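Okay, structure first, notes after.
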Amino acid sequence: MTVQTALLQGAELLEGANVAAPRLTAEVLLAHALHCDRAWIYAHGNDDLPERAWIHFGRYLNERLGGKPTQYITCRQEFFGREFYVNRDVLIPRPETEHLVETALEWMKRNPGSRVIDVGTGSGAIAVTLALEAGCHVLACDISTAALQVSHRNRQNLNAPVSFFAADLTSAIRPQSIDLLVSNPPYVPGEDASNMQREVRDWEPHIALFASGDGFEIYQRLIAGARTVVKPGGRLMMELGYRSLDRVREMLAVDWSDIAVISDLAGWPRVIAATRI
Ligand code: GLN
């Protein structure tokens, strides 16, 4: 069995089961089984596949066929050009969340020396990226101690100046102590669960995805908390869910000004930013 044959067989298997991007997925899983990168596979297509790698590859294919997201198999996801460790205790960082990071970085550039916090940090992808891109210290919290173990690991792997702590939203933050609060909160309404991709619904942590009250419970509590902890003149930036914009904007109508909405590449409103009056 050569590397190339294994790859083709894997891709065929995935394609037959209607797994998205079968070829790419097979490459990623095979590279993971071989402890190499995808480029290596191309350069060594005619090599014999070591038995151990074949066994691992088979197991990974099985897991993927069972619905497990590739990122939870490889324990890796790239975000803003860096590789983050992920497991089932955290949401897999999404490319659209890079808009939130970009919006925050722009603001941080204009406001050096700011006190910045990422609320509901999960894997730490946002906090670690902000700290490394802006070259400054960032705070981050999460209610899930399991998620905090993942974010600690990412801080360590990437050597990022981030302080993590366990807390429910803003409950542990001193009043008027924050210049910039960023968050990608859970915002999926429970009723949307049946329409979700099974990879998301059956594998990603529900605590990071779903919010009660039609998906607005966390926005509500987060905005109320931010009102207390963000300094007057400080900024709040949040990721928006599909259909979140109008109600979130309403919640910001009192106590907040300079509301900006940033769309993602698909044209959906994805980030909302507001200044504490
Ligand atoms: N965007 C995620 C999804 O794919 C949800 C992330 C979140 O709830 N913050 O459903």
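Residues in segment 170-206 that are within 10 Å of the ligand (Cβ to nearest atom) and β-branched (Val, Ile, Thr) were compared, and the one that is nearest to Ser123 (Cα to Cα) is Val200.
Is there a residue being of a type in the set (A, V, I, L, M, F, W, C), more than 10 Å from the ligand (Cβ to nearest atom), in contact with a Leu (Cβ under 7 Å, 6 or more places away or on another chain) and over 30 Å from Thr70 (Cβ atoms) anywhere in segment 213-220? Before the answer, list the steps.
So the first thing to find is which residues in segment 213-220 are of a type in the set (A, V, I, L, M, F, W, C), and the list is 216, 218.
Those left that are additionally more than 10 Å from the ligand (Cβ to nearest atom): 216.
Checking the rest, the ones that are also in contact with a Leu (Cβ under 7 Å, 6 or more places away or on another chain) come to none.
No, that holds for no residue.
Output the number of residues of segment 177-201 satisfying the condition of being in contact (Cβ under 8 Å) with a residue 60 or more places away in the chain, out of contact with any Lys or Arg (no Cβ under 9 Å at 6 or more places or on another chain) and farther than 30 Å from Val138 by Cα. Number satisfying all stated conditions: 1. Would you say Ala147 is closer than 17 Å to Pro93 by Cα, more than 16 Å from the ligand (Cβ to nearest atom), among the small types (Gly, Ala, Ser) and surrounded by 15 or more Cβ atoms within 10 Å (Cβ to Cβ)? Taking the combined requirement at face value, the residue does not satisfy it. Restrict the check to segment 159-169 and report whether at least one residue is of a type in the set (Phe, Trp, Tyr), more than 12 Å from the ligand (Cβ to nearest atom) and within 20 Å of the chain's Cα centre (by Cα). Looking for residues that are of a type in the set (Phe, Trp, Tyr), more than 12 Å from the ligand (Cβ to nearest atom) and within 20 Å of the chain's Cα centre (by Cα), one finds at least one in segment 159-169, hence yes. For segment 98-119, a residue qualifies if it is out of contact with any strand residue (DSSP E or B) (no Cβ under 6 Å at 6 or more places or on another chain) and either assigned to a loop (DSSP other than H, G, I, E, B) or among the hydroxyl-bearing types (Ser, Thr, Tyr) (or both), and the qualifying residues are Asn111, Pro112, Gly113. Selection within segment 213-229: residues that are among the hydrophobic types (A, V, I, L, M, F, W, C) and assigned to a helix (DSSP H, G or I). The member of this set that is surrounded by the fewest Cβ atoms within 10 Å (Cβ to Cβ) is Ala224. In segment 85-119, of all residues being over 16 Å from the mean Cα position of the chain (by Cα) and without any contact (Cβ under 8 Å) to a residue 12 or more places away in the chain, the one that is farthest from Ala147 (Cα to Cα) corresponds to Arg110.
Any idea which of Gly10, Gly67 is touching a helix residue (DSSP H, G or I) at 6+ places or on another chain (Cβ under 6 Å), more than 18 Å from Ala127 (Cβ to Cβ), within 16 Å of the ligand (Cβ to nearest atom) and not aromatic (Phe, Trp, Tyr)? Steps first, answer last, please.
Working: Gly10 fails: within 16 Å of the ligand (Cβ to nearest atom).
Step by step, each of Gly10, Gly67 is checked, and only Gly67 is touching a helix residue (DSSP H, G or I) at 6+ places or on another chain (Cβ under 6 Å), more than 18 Å from Ala127 (Cβ to Cβ), within 16 Å of the ligand (Cβ to nearest atom) and not aromatic (Phe, Trp, Tyr).
Which of the residues belonging to segment 97-122 are among the hydroxyl-bearing types (Ser, Thr, Tyr) and touching a Gly at 6+ places or on another chain (Cβ under 9 Å)?
First, the residues of segment 97-122 that are among the hydroxyl-bearing types (Ser, Thr, Tyr): 97, 103, 114, 121.
Residue satisfying the conditions is Ser114 alone.
Residues that are in a helix (DSSP H, G or I) and of a type in the set (S, T, N, Q): does segment 171-192 have at least one? No, segment 171-192 contains no residue that is in a helix (DSSP H, G or I) and of a type in the set (S, T, N, Q).
How about segment 93-117: which of its residues are closer than 10 Å to Leu180 by Cα and away from the ligand (no atom under 16 Å from the Cβ)? Walk me through it before giving the result.
Within segment 93-117, the subset closer than 10 Å to Leu180 by Cα is 104, 107-108, 111, 114-117.
Selection gives Trp107, Met108, Asn111, Ser114, Arg115, Val116, Ile117.
FYI, it's all coordinate maths here, none of it is from the lab. Predicted model, so just to flag it, every value in this text is computed and none were measured. Here the Cβ is made from the backbone with ideal geometry for all residues, glycine too, and neighbour counts use every protein chain on show.
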